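A quick write-up on the structure given underneath.
The values are calculated or read from the model by the stated rules, or taken from the named source; none is laboratory data. All figures in this text were calculated on a predicted structure; none of them were measured in a lab. Note: ideal-geometry Cβ built from the backbone for every residue, glycine included; neighbour counts use all protein chains shown.
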Amino acid sequence: MLKKTFYLAVPILFGLILLFVFYQPSLIKIIIGDSLILFLTFLVGIFLIQGKIKKQWIFLVQLMLFVLSGLGFFLFLSGLFWITVFIFLFLIILGFFLFHLFQFFYQPRICQPDIFQKTVFWLNFIISYWALAFLSGVLAKSAFELSFFINLLVVFGLFFWLNYYYLFFNRLDEFKNDLLIVSLFLTEIYLSLNFLPLGIYLNAFLISLILLAIYFFYFSQNKKIEL
């Protein structure tokens with residue numbers, strides 16, 4: 001019974017933890033709450049892909065990245081309304097993802113075989129937006145020049161992974177040699193926009209839209225298109 005309802009139980013549990021964190025928030029509560037959510041996410045991922053980690057590790061990484069980007073985005077939200085809206089959005093998407101992961105591993109007969117291919121486009125957009133908003137916010141508050149270069153490395157790694165995840169589920173192996181080029185291109189766009197006074201949310205939104213445009217006009221074509 002627990003297996004069949006865990007994709008509902010996990011979001012509810014995470015929701016309670018987030019309410020604990022954001023009701024009279026403090027640094028200690030944020031550290032405890034976020035650490036607990038990340039730890040539980042890892043356990044859930046291991047539970048789902050047990051015995052298949054070598055072949056299905058990509059699901060665990062994407063799940064962890066989704067939760068991590070969401071928790072980072074939380075840190076720069078203000079106002080009860082936006083926090084409440086985001087909690088519901090975060091939990092709904094998490095439940096949707098866990099539900100289809102559960103079907104994929106435990107109910108393959110009723111699983112939609114192409115569900116991850118259909119949703120990767122938007123899931124990557126959400127992760128990109130949340131993660132870039134968080135990273136831009138951290139960079140804006142940092143007084144250390146070294147943080148700027150570390151930030152760029154993290155951004156490059158983020159784009160490289162999201163592009164790899166997209167190609168993996170769309171079976172576009174012929175484009176894997178372009179991963180480095182496209183990831184560097186997106187990192188340069190991120191670097192350029194950070195010098196504009198647009199704000200962290202608009203910067204992240206524009207870059208994430210460019211990411212979607214690349215998926216649509218570059219990776220999704222039957223033949224290569226030069227950047």
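Can you tell me which residues in segment 14-29 are within 15 Å of Phe86 (Cβ to Cβ) and assigned to a helix (DSSP H, G or I)?
Phe14, Gly15, Ile17, Leu18, Leu19, Val21, Phe22
What number goes with the only condition from (1) under 15 Å from the mean Cα position of the chain (by Cα); (2) within 28 Å of Leu202 (Cβ to Cβ) that Trp82 does not pass?
For Trp82, the failing item is (1).
Select from segment 48-103 the residues that are within 26 Å of Val138 (Cα to Cα), free of Cβ contacts under 8 Å to residues at least 40 places away in the same chain and small (Gly, Ala, Ser) and list them in ascending order.
The answer is Ser78, Gly79.
Give just the number: which of (1) part of a helix (DSSP H, G or I); (2) touching a helix residue (DSSP H, G or I) at 6+ places or on another chain (Cβ under 6 Å) does Phe76 not satisfy?
It fails just one condition, (1).
On the phi > 0 side of the Ramachandran plot, in the same structural domain as Gly15 (by TED's automatic domain parsing) and out of contact with any Cys (no Cβ under 7 Å at 6 or more places or on another chain): does that describe Gly79?
When the stated conditions are applied, Gly79 passes them.
Please go through segment 89-103 and give me each residue that is closer than 16 Å to Ile12 by Cβ and more than 16 Å from the chain's Cα centre (by Cα), ordered by number.
Of everything in segment 89-103, those that are closer than 16 Å to Ile12 by Cβ and more than 16 Å from the chain's Cα centre (by Cα) turn out to be Phe99, Phe102.
Considering each of Leu77, Leu71, Leu43, Leu65 in turn, give the residue that is surrounded by 15 or more Cβ atoms within 10 Å (Cβ to Cβ) and farther than 23 Å from Asn163 by Cβ.
Going through Leu77, Leu71, Leu43, Leu65 in turn, the sole match is Leu77.
Does segment 1-55 hold any residues that are in contact with a helix residue (DSSP H, G or I) (Cβ under 7 Å, 6 or more places away or on another chain) and basic (Lys, Arg), and which are they?
Within segment 1-55, Lys3, Lys29 qualify.
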